[in-house]
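Before any comments, here is the structure.
The values are calculated or read from the model by the stated rules, or taken from the named source; none is laboratory data. What you are looking at is a predicted structure, and each value in this text was computed from that prediction instead of being measured. When we count neighbours, we look across all protein chains shown, and the Cβ atoms used for this are built from the backbone with ideal geometry, even at glycine. Remember, those area values only see protein heavy atoms, side chains included, never the ligands or the DNA or RNA. Shrake-Rupley method; radii C 1.70, N 1.55, O 1.52, S 1.80 Å.
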Amino acid sequence: MSKKRFNRRDFLKTLGITGAAAGAGLVLPRTILSEHAQKQIFEASTAHAAEKNGGQSYDVKPGQLDPYYGFWSGGHSGEVRIMGVPSMRQLHRIPVFCMDVGSGYGITNESKKLLKGTFVGDTHHVHGSYVNGTYDGKWLFVNDKGNNRVARIRMDYMETDAIVNIPNAQGMHGTFPQRYPKTEWVVTNTEFQVPVPNDASNKANFNKPQNYYGMHTILDAATMGIVCQIMLDENVDLAACDYQGKYSMSTSYNPEKGVTLAEYLAADSDYLIVFHWERIRAALKAGKYKTISGVRVLDGRKGSDLTLRIPVPKNPHGINISPDGKYGVCSGKVSPTCSVVELAKIDEAFAGKIKPEKCVVAQPEIGLGPLHTTFDGRGNAITSVFIDSTNVKWNLDRAVKGEKKPHVHVLDISYQVGHIMATMAETKEADGKWLVSLNKISKDRFLNVGPLKPENEQLIDLTGEKLVIVKDEPAYIEPHDVIMVRRDLVESKVKHRYNMADHPMAVHKNEIVRKGNDVIVRMTANAPVYGFQEVKVKKGNKVTFYVTNHDEITDLSHGFNISNYNVNFVVSPYQTKSVTFTADKPGVHWIYCTNFCHALHLEMRMRLIVEV
Ligand code: CUK
Ligand code: CUA
């Protein structure tokens with residue numbers, strides 16, 4: 001084992017957290033990992049740590065399938081990844097807001113229609129659609145912080161099927177689907193406050209941050225249209241929906257509308273903002289909105305009866321609801337505490353019977369920099385603690401009874417954890433089997449691959465009293481969050497081939513249609529041949545290829561690469577894709593299959609002849 005361990009002081013220096021940080025409530029943590037931590041990491045690296053702990057094996061043998069689907073957001077790669085848990089095998093990558101030259105997402109006409117020319121995306125939070133508080137295996141929803149979008153992924157094909165651009169807002173962040181009775185609404189938050197509308201018509205406010213606003217946006221899950229926006233004076237960060245279909249809620253900060261670091265940190269108390277859905281529906285019905293950028297905007301600022309502001313310290317980050325639906329846990333980030341909000345009290349606070357602050361029933365001290373909380377379904381919460389680099393398991397009941405340190409176990413992780421998530425933890429079926437800690441920094445945990453190092457995702461056995469690390473996995477840029485869904489809720493819904501009827505342009509007969517300057521080639525792919533062996537076009541023609549894969553055999557996908565034309569995509573069984581380009585380079589350009597499909601895969605090719 002390497003002796004060289006991660007130096008926390010150096011790390012904080014790189015963050016610029018030194019003297020000034022004290023004013024922000026940050027205290028310098030331990031400088032190096034404790035001996036205890038090193039021993040623990042060593043123990044974890046021995047093969048049988050998990051078996052010793054709870055008898056649970058993380059070893060998924062060749063040919064065996066994982067009991068959980070993990071859906072990982074891919075950060076500023078713009079994608080979503082599917083992992084097997086506990087094997088941590090990467091099973092699939094779903095391009096969402098980004099271009100993917102392997103599958104042709106961003107290259108084909110169909111995907112261009114979704115992306116509308118914007119290939120930069122930053123996916124943070126991925127959540128599944130719900131029925132009665134658990135996953136129904138239908139959709140995933142994911143935000144794009146980079147360009148103000150939310151996407152929907154249909155889980156039968158595991159592909160992006162809708163992307164909505166959200167106006168009047170910037171930095172879509174916390175995003176959460178309705179949990180009960182089923183997902184009809186999806187809420188999404190803006191990290192950044194901006195002028196509303198944020199366009200030339202409102203230029204008078206560009207330099208007046210006091211006239212910037214945050215938004216809690218409600219989407220219709222089925223249509224991916226915008227139901228309404230609720231305007232706020234705060235930056236709204238993470239989001240959650242309750243288990244009753246009554247409320248959504250968001251952590252928030254910066255009610256002072258600062259635009260510099262010192263200003264964001266000025267207030268000692270920020271809010272958990274709760275949104276009252278019944279009142280929102282009534283306000284829409286009563287026409288109490290302004291239409292801005294084509295969207296109905298309701299006023300949720302202080303004094304509004306649509307919102308409740310529960311004071312919590314300080315720049316809180318995660319809001320996570322316990323699987324029994326009783327508590328919301330706000331992680332303090334700049335405060336070492338987690339605030340436990342009893343959701344039943346929210347009714348009384350909205351009714352004016354109690355003050356909002358009375359909703360907070362416990363405030364245990366968890367560690368330095370608590371970010372996100374997850375649950376084992378047995379009454380324990382596990383919180384990621386960024387500055388300490390720990391996962392802290394603590395008991396909710398003990399906290400509510402007033403214990404300041406209701407800790408069960410503190411696990412050192414490597415290093416600087418962001419999100420953590422337990423299996424099924426965002427459902428009422430939380431099963432407390434596995435925990436994943438998404439650590440931002442890997443330092444010396446893996447072979448050195450240059451200055452851009454992988455992140456470190458650690459798999460933790462959650463079945464025993466203590467948390468035990470059983471696996472380190474490197475990850476490329478830059479997983480933020482994850483959900484882990486029991487296999488039986490997903491597997492039967494996932495298809496092996498497309499329904500040809502889902503693609504109205506599916507090709508049943510090979511044909512070339514010429515209309516003026518346009519050449520439309522409609523063509524099959526059927527191992528090991530394309531529908532044509534050659535296609536002749538004239539220089540300057542606008543050429544469109546439609547390709548339908550007619551192989552129904554599971555896992556027989558074809559590629560379609562046009563030499564010199566910057567085109568490649570993959571068509572899977574019964575799928576149709578198309579691409580349009582100008583034939584501006586005369587010559588012979590071989591089109592070939594890029595995806596291994598047949599003993600004569602190499603021979604699966606044809607000529608595009610661009611004549612002059
Ligand atoms: S997160 Cu997105 S900025 Cu904690 Cu989900 Cu960090
Ligand atoms: Cu078709 Cu390779």
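Taking only C-alpha pairs under 8 Å that are 6+ residues apart, what is the relative contact order of the range 393-445 in percent?
31 percent
For the range 400-429 and the range 328-385, write down the distance between their C-alpha centroids in whole Å.
Using only Cα atoms, the two centres lie 13 Å from each other.
Given 25 °C and 0.890 mPa s, compute D for the chain with the Stokes-Einstein relation, Rh being the Kirkwood radius over Cα pairs; round to the nearest whole µm²/s. Each step should come with its number before you reach the end.
Numbers: Rh = 25.9 Å.
Roughly 95 µm²/s, to the nearest whole number.
At 1.4 Å probe size, what's the solvent-accessible area of GLU191? Round to the nearest 10 Å².
10 Å²
Using only the heavy atoms of the protein chains and a 1.4 Å probe, how would LYS302, LYS257, LYS493, LYS353 rank by accessible area, largest first? It would help to have the intermediate numbers written out before the result.
Details: LYS302 135, LYS257 30, LYS493 85, LYS353 155 Å².
These residues rank, largest area first, as LYS353, LYS302, LYS493, LYS257.
Students often forget the sequence filter, so: which aspartates and glutamates lie under 18 Å Cα-Cα from LYS314 once same-chain residues fewer than 8 apart are removed?
Once the sequence-local aspartates and glutamates are set aside, what remains near LYS314 is GLU191, ASP233, GLU234, ASP237, GLU256, GLU263, ASP268, ASP270, GLU357, GLU365, ASP388.
What pairs from LYS246/LYS433; LYS246/LYS428; LYS302/LYS358 go past 20 Å between their alpha carbons?
Working: LYS246/LYS433 29 Å; LYS246/LYS428 16 Å; LYS302/LYS358 18 Å.
Beyond 20 Å: LYS246/LYS433.
Could you rank MET484, MET99 by how accessible they are, 1.4 Å probe, largest area first? Please list the in-between numbers first.
On the way: MET484 0, MET99 85 Å².
Heavy-atom accessible area, descending, gives MET99, MET484.
Within the P(r) computed for the range 526-574, what percentage of the Cα pairs occupies the region above 15 Å?
Values: 609 of 1176 pairs.
Value for the range 526-574: 52 percent of Cα pairs lie more than 15 Å apart.
Please report the Cα spread of the range 147-262 along all three principal axes, rounded to whole Å, starting with the longest.
Largest first, the range 147-262 extends 46, 29, 23 Å along its Cα principal axes.
How much accessible area per residue does the chain have, counting only protein heavy atoms and a probe of 1.4 Å, in square angstrom?
On the way: 24950 Å² over 612 residues.
In whole numbers, the chain has 41 Å² accessible per residue.
For ILE477, ILE310, write out the residues from largest to smallest accessible area, computed with a 1.4 angstrom probe and no ligands counted. Display every interim value, and only then the final one.
Details: ILE477 40, ILE310 0 Å².
The most accessible residue leads, giving ILE477, ILE310.
Could you work out the local net charge near VAL96, counting Lys and Arg as +1, Asp and Glu as -1, over the other residues with Cβ closer than 15 Å to its Cβ?
Details: positive: ARG81, ARG93, LYS112, LYS113, LYS116, LYS145, ARG149, ARG152, ARG154; negative: GLU79, ASP100, GLU110, ASP122, ASP144, GLU159, ASP161, GLU478, ASP481.
Surrounding charge for VAL96 is 0.
In straight Cα distance, which lysines are under 28 Å from LYS116, not counting same-chain residues fewer than 8 positions off?
LYS138, LYS145, LYS203, LYS290, LYS495, LYS515, LYS539, LYS542, LYS577, LYS585
Could you list which residues have their amide H under 5 Å from that of TRP185, counting only those 5 or more apart in sequence or on another chain, with H placed in the peptide plane?
The list, which skips near neighbours in sequence, is GLN178, ALA221.
Please get the size of the charge dipole for the chain, origin at its Cα centre, with Cβ charges of +1 on Lys and Arg and -1 on Asp and Glu, quoted in debye to the nearest 20.
Values: 74 positive and 65 negative charges, 191 e Å.
In debye, rounded to 20, the chain gives about 920.
log10 I(q)/I(0), Debye, Cα-only the range 314-363, no solvent, q = 0.15, 0.23, 0.26, 0.33 Å⁻¹?
So the normalised log intensities are -0.39, -0.82, -0.95, -1.14.
At a 1.4 Å probe, what is the % contribution of carbon and sulfur to the accessible area of the chain?
On the way: 13230 of 24950 Å².
Solvent-exposed carbon and sulfur of the chain make up 53 percent of the total.
Provide the FRET efficiency to the nearest 0.05 for the ASP220-VAL494 pair, computing r from the beta carbons and using R0 = 25 Å. Please report the intermediate quantities before stating the final value.
Values: r = 25 Å, r/R0 = 0.98.
Efficiency for this residue pair is about 0.55.
Quick one: net charge around LEU265, please, counting Lys, Arg +1 and Asp, Glu -1 for every other residue with C-beta under 11 Å from its C-beta. Don't jump to the answer; show the numbers that get you there.
Numbers: positive: LYS314, LYS333; negative: GLU256, GLU263, ASP268, ASP270.
In short, -2.
Apply the Karplus parameterisation 6.51 cos²θ - 1.76 cosθ + 1.60, with θ equal to phi minus 60°, to every residue of the range 478-489 and state each ³J(HN,Hα) to the nearest whole Hz, in sequence, with x for glycine and proline.
In residue order, the calculated couplings are 8, x, 9, 8, 7, 10, 10, 10, 4, 3, 5, 7 Hz.
List the equivalent ellipsoid semi-axes of the range 284-418 in whole Å, largest first, each obtained as the square root of 5λ for an eigenvalue λ of the Cα gyration tensor. Can you show the working numbers first?
Working: eigenvalues 199, 65, 31 Å².
Sorted largest first and rounded, they come to 32, 18, 12 Å.
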